[in-house]
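To start, the structure under review is shown below, and the notes come after it.
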Amino acid sequence: MPAFFMTSTYTTATPEDTFALGEEIGASLTGGEVLLLSGGLGAGKTLLTKGILNALDYDVEEVTSPSFTLVNLYKTEARDIYHIDLWRLDDGRSSASAVGLEEILDDAEAIVIIEWAEKLKDFHFPGKFLRIMIEGDGEDPRKIVVSSES
Ligand code: ADP
Ligand code: MG
């Protein structure tokens, strides 16, 4: 059992709201967190990630979806931020090794943001992590559930 468990649910009516929620989440990060994002294609995972990066002082114009690169590395003054997308990979441990996740997690100060994290199944994260689930697509409002365990 986790020592502490907290869940918050948000509704974002517009892309701007989702970006702003990302900024709030980003502002709460101190380094060493893994963010596990799930939700269908077009749910808003990359957009939320842009909000997070904006709060972490990274130029969001430079942020692109890692659907094909698999891993983007963004360097900020404070720390490295890894942005991973498992969309094109198989379910299970092979996707973790395909992106070199174990090695990435060796950097205890880095922030790691993973889109399609549900593909990792029972991969064990040793440190702090947040699960962020986004429901909805098209122009519909999004339901965003953020849970943290520590
Ligand atoms: P994903 O990374 O989950 O595949 P993206 O972030 O790339 O999704 O795309 C989400 C798309 O949905 C964007 O084009 C965005 O403008 C649109 N959208 C419409 N309404 C919302 C909303 N409330 N929240 C997030 N995205 C929205
Ligand atoms: Mg995406």
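The values are calculated or read from the model by the stated rules, or taken from the named source; none is laboratory data. Worth saying up front: this structure is predicted, and the values here are computed from it rather than measured. FYI the Cβ positions are ideal-geometry reconstructions off the backbone, even for glycines, and counts take in every protein chain you see.
Number of residues in segment 58-77 that are under 25 Å from ALA27 (Cα atoms), more than 14 Å from the chain's Cα centre (by Cα) and surrounded by 12 or more Cβ atoms within 10 Å (Cβ to Cβ) equals 3.
The residue that is nearest to ligand 1 (Cβ to nearest atom), among those in segment 30-75 that are among the hydroxyl-bearing types (Ser, Thr, Tyr) and without any contact (Cβ under 8 Å) to a residue 60 or more places away in the chain, is SER65. Only one of the numbered conditions (1) over 15 Å from the mean Cα position of the chain (by Cα); (2) over 27 Å from PHE5 (Cβ atoms); (3) of a type in the set (D, E, K, R); (4) away from ligand 1 (no atom under 16 Å from the Cβ) is not met by ASP80, and that is (1).
Residue-level analysis places ALA55 among those that are closer than 24 Å to LEU21 by Cβ, surrounded by fewer than 20 Cβ atoms within 10 Å (Cβ to Cβ) and modelled with pLDDT of 95 or more.
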